[in-house]
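The values are calculated or read from the model by the stated rules, or taken from the named source; none is laboratory data. What you see is a predicted model; the values in this text were computed from it and never measured. Neighbour counts are summed over all protein chains in view; Cβ atoms, including those assigned to glycine, are modelled from backbone coordinates with ideal geometry. When the accessible area is computed, the model is the full protein with side chains, heavy atoms only, and any ligands, DNA or RNA have been set aside. Shrake-Rupley method; radii C 1.70, N 1.55, O 1.52, S 1.80 Å.
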Amino acid sequence: QVQLVESGGGLVQAGGSLRLACTAAGRTFSAYRLAWFRQAPGKEREFVIAISWAASRTYYADSVKGRFTISRDNAKNRLYLHMNSLKPEDTAVYYCAATIRSSSTYAYTSMSTYDYWGQGTQVTVSS
């Protein structure tokens, strides 16, 4: 079993930046494909951004391209989401997720790809 814990959420004004972190306990991140999803009140959970096992590729939702980046520090078992130029529409609970499933069979953007999830951290962007 792998336990994931998100941190770094909070309140920020539109146009500002936040960095979220996800820390794993129980196993190193090096073997996993990793992603961030988010869920706003009254909406379905949606894909935000993902990173490959070797960190050679990233995948972005259209709504965050050019504003969000993802990175991983395998030595520290940490995943990061760097959010810039934040908009009120980015307000949501953000979740990190991990899987060891092959990308040739399971899409990075699909929730069903991921086996492990954190409990989420709230991000609120004011206008």
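Miscellaneous remarks
- Among residues of segment 67-86 that are free of Cβ contacts under 8 Å to residues at least 60 places away in the same chain, those with a beta-carbon under 7 Å from a residue that is open to solvent by 40 Å² or more (accessible area, probe 1.4 Å) and of a type in the set (A, V, I, L, M, F, W, C) at least six positions away or on a different chain give the pairs Arg72/Ala55.
- Top-ranked residue of segment 79-127 - restricted to ones that are among the aromatic types (Phe, Trp, Tyr) and within 16 Å of the chain's Cα centre (by Cα), ranked as farthest from Gln3 (Cα to Cα): Tyr108
- Filtered by the rule that a residue be basic (Lys, Arg) and modelled with pLDDT of 85 or more, segment 17-65 gives Arg19, Arg33, Arg38, Lys43, Arg45, Arg57, Lys65.
- For Gly66, the criteria (1) out of contact with any Lys or Arg (no Cβ under 9 Å at 6 or more places or on another chain); (2) at positive phi; (3) surrounded by 12 or more Cβ atoms within 10 Å (Cβ to Cβ) hold in every case but one, which is (3).
- For first residues located in segment 30-57 and at negative phi, partners that are assigned to a helix (DSSP H, G or I) and at pLDDT below 85 and lie 6+ apart or on another chain with Cβ distances below 6 Å form the pairs Ser30/Asn74.
- Taking the criterion of being of a type in the set (A, V, I, L, M), open to solvent by 40 Å² or more (accessible area, probe 1.4 Å) and part of a loop (DSSP other than H, G, I, E, B), the only residue of segment 1-41 that qualifies is Ala14.
- Failed criterion for Glu44 (all others in (1) assigned to a strand (DSSP E or B); (2) closer than 18 Å to Val93 by Cβ hold): (1)
- For segment 90-120, filtered to residues that are closer than 12 Å to Val48 by Cβ and open to solvent by 60 Å² or more (accessible area, probe 1.4 Å), the residue that is modelled with the lowest pLDDT is Thr109.
- Residue within segment 10-29 that is β-branched (Val, Ile, Thr), closer than 18 Å to Asn84 by Cβ and in contact with a strand residue (DSSP E or B) (Cβ under 7 Å, 6 or more places away or on another chain) present: yes
- Residues in segment 69-89 that are small (Gly, Ala, Ser) and open to solvent by 80 Å² or more (accessible area, probe 1.4 Å): 1 in all.
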